[in-house]
1. Using 1/(1 + (r/R0)^6) with R0 = 22 angstrom and r between the beta carbons of Lys380 and Lys71, what's the FRET efficiency to the nearest 0.05?
2. Between Arg31 and Ile247, with labels modelled 7 Å along Cα→Cβ, what's the label distance in nm to one decimal, could you check?
3. May I ask you to list the aspartates and glutamates whose Cα is less than 14 Å away from that of Lys260, ignoring any residue fewer than eight positions away on the same chain?
4. Under 13 Å from a point placed 7 Å out from the Cα of Lys185 along the Cα-to-Cβ direction: which residues of the stretch 116-134 have their backbone N that close?
5. Straight distance only, please: which aspartates and glutamates reach the Cα of Lys108 with their own Cα at less than 20 Å, same-chain residues fewer than 8 apart left out?
6. How many times 2.2 N^0.38 Å is the alpha carbon radius of gyration of the chain?
7. Taking amide H atoms as placed 1.01 Å from N in the peptide plane, list the residues 5 or more away in sequence, or in a different chain, whose amide H sits under 5 Å from that of Phe256.
Amino acid sequence: MIILTIDTSCDDTCIAILKIKNQKSKIGDARFDVLSNIVSSQVEVHQKYGGVYPFLAKREHQKNLVPVLKKALRQAQGKQKFEKPDLIAVTVGPGLEPCLWVGVNFAKALAYSWNLPIIPVNHIEAHILANFLNTKYKILNPVRGQRSLAEAQRKQTSNGVNTKYLLPAICLIVSGGHTQLILMKKIGNYKIIGETRDDAAGECFDKTARILGLGYPGGPSIAQQAAQLKLKMKNEKLKISLPRPMINSKDYDFSFSGLKTAVLYDFKKRPASVKTTAGKPRKEYIREMAKEIQQAIIDVLIKKTIKAAKDYRAKSIILGGGVAANKELRKQFNYKLRTINYKLNFLVPPRKFCTDNAVMIGIAGYFNRGKASKNWKKIKVDANLRI
Ligand code: KG4
Ligand code: ZN
């Protein structure tokens, strides 16, 4: 089975082509062969706005889709000859409405000319299922009752995904538009147990990066500044300390908009010595602040995710979304999960499959193949689609 997949939910134009082998069982035996995976980034277009400008993003998707499709087909044909795909999977939400429509209409045009069914895909489910891409799971702590790590690994990887050892799981989806804790009982069975009440974690990185005069997307630029600090002596004189919003609240919700305000006020109250003559923050201050922003976000995400996993007696923690590409977050999750007195598997996709891509749409499409329909005229987008 060959699936062609499309995601235009935000500012990346993504098309992938996947070959799926051994589709005997419902979950266990799928092997995903990525024949091509093209991501055309619009970073340069949105850079000057410090965030995604929806109508510019829509225009860029319209410009990019045909060349991206050509490239994806050419690459895939180089690995495997095929006349046309068997299925098309496309993101229908959540995301920026004008952008989603571009992808969905493109999918419909392809489905019409190739006479194919379309599978509508939820972008958040796709971020979760990115973890199910033939991963040799790195199981930090085998779940209770399993004799050894080796045994757990053998059971999990010898034959694709053996969800018995992984689910129920608590999924933390952290992206530019979402921060959600999701209880996953099965593939296809999800319940949002908490989410941000205002800004998403990625949005917080993006907005605070902008305050500091760093480039978009903010996550990678804040991470880069914070990492540079490690090489230098910490400047104790600055003593930057940001709040950890809602870290001890009893629910599983988040709030990140206060951090942005805290960064703004901290800079305002600083003496001239941390500012350039143009009134911008100096390098040292930027690095200290970047490190503290990153740490404040990480502290809250880790604490609340582990609390949810314990409360719901989960077997695993599953990460997804652009912020899950953050090296410190991955490292500190790893470390923390080794030290707590509760056994949990830890799944996080390779970094390139954390940020938006169409491979994850193919995986989600495969698990939702029952929804494939040639009656695709009815398919609509939903900018606020819930999982
Ligand atoms: O999942 P994604 O690619 O798109 C959405 O669905 O929103 O996530 C994009 C978000 C941006 O806010 C970006 O700043 C953040 O993910 N991000 C990161 C990193 N890479 C991307 N945040 C922290 N550290 C990173 N390395
Ligand atoms: Zn995303």
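1. Numbers: r = 28 Å, r/R0 = 1.28.
Computed FRET efficiency for Lys380 and Lys71: 0.20.
2. 4.6 nm
3. Asp198, Asp199, Glu203, Asp206, Glu292
4. none
5. Cross-link targets: Asp7, Asp12, Glu60, Glu83, Asp86, Glu97, Asp382.
6. On the way: Rg = 21.5 Å, N = 387, 2.2 N^0.38 = 21.2 Å.
Cα-based Rg divided by the globular estimate yields 1.01.
7. Arg197, Asp198, Asp199
A short reminder: the numbers here are calculations on the coordinates, not readings from a lab. A quick note: this is a predicted structure, and the numbers were derived from the prediction, not measured. Quick reminder, even Gly has a Cβ in these numbers, built from the backbone with ideal geometry, and neighbours come from all protein chains shown.
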